[in-house]
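FYI, it's all coordinate maths here, none of it is from the lab. On a predicted model such as this, the values are computed, not experimentally measured, just so you know. Because the Cβ atoms are built from the backbone with ideal geometry, glycine has one as well, and the counts that use them run over all protein chains shown.
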Amino acid sequence: MRRYTRPALVVTTLGALSLAAFGTGAAADTADGNTGSGSPSRATAESVSWNHGTAQVNKRVMERYTSEYLPGRNPALASEFVSPDIVVHSGGQTWQGRDTYLGIVAANLRAFPDLKWTVQDMRAEGDTVAVRYTMTGTHEGPFAGVEATGRAIRSESMAFYRLSHGKIVEERAQLDMLGILRQMGAVPAA
């Protein structure tokens, strides 16, 4: 029995398998860019693969950031993940620069030396990765104008990170500051 290999078929099949492995659903597109419905696809298989591939690379960077940098708190390791020109938006304020970012992290760690971020969910699309955290710690230093209370805090937070060339260039964070202040005893519970 003779075997014939059709290079175009092999390449198309490998491309479809690659897209299917990314989970884009684009593997149902045919090699000519049409979907099974007969209408042209808005995005070619190549662009879908590229965009989804970028999202997955960025998600892996953030997985390392949350599992290696955040627990270890090593400022030298931060340079591997954080752009020197990072812009951080949080609580109606904006800060810029890696040194400023590291200063914010250091101040939080002085206030809560045992601060721990636990990732509850992480989603990536294009150049952005969204992370939902649970934060726990003990208030042992000044925080938001409140001296140490020794109280434990637990809070939910979310942040959207925009990455470029494998580094975080922008962070948009939402922290339950009211909940933290209540747990510290700085604001009366409702």
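Some notes on this structure:
- Over the stretch 93-190, the fraction of Cα-Cα pairs per 5 Å bin, rounded to whole percents and listed from the shortest bin up, is 3, 12, 20, 23, 20, 13, 7, 3, 1, 0.
- Order of H165, H89 - criterion: other Cβ atoms within 10 Å of each residue's Cβ, fewest first: H165, H89
- Table column - 3J(HN,Hα) (Hz), the stretch 137-152, Karplus curve with 6.51, -1.76, 1.60, x for Gly and Pro: x, 10, 6, 10, x, x, 8, 6, x, 10, 5, 3, 10, x, 8, 7
- Close amide H partners of L115, meaning residues 5 or more places away or on another chain with modelled amide H under 5 Å apart, are T138.
- Built amide H within the under 5 Å cut-off of V82, gap 5+: I168
- Electrostatic bookkeeping for A189 treats Lys and Arg as +1 and Asp and Glu as -1; over the other residues with beta carbon under 13 Å from its beta carbon, the sum is +2.
- Ordered by the number of other Cβ atoms lying within 10 Å of each residue's own Cβ, fewest first, I168, I153 fall into the sequence I153, I168.
- Count Lys and Arg as plus one, Asp and Glu as minus one, and take only other residues whose Cβ is under 12 Å from that of M158; the net charge is then -1.
- Charge tally in the Cβ shell below 11 Å around T138, where Lys, Arg are +1 and Asp, Glu are -1, T138 excluded: +1
- Between the stretch 140-176 and the stretch 67-135, the C-alpha centres lie 7 angstrom from each other.
- Look at K116, K59 and count the other Cβ atoms within 10 Å of each Cβ; fewest to most, that gives K116, K59.
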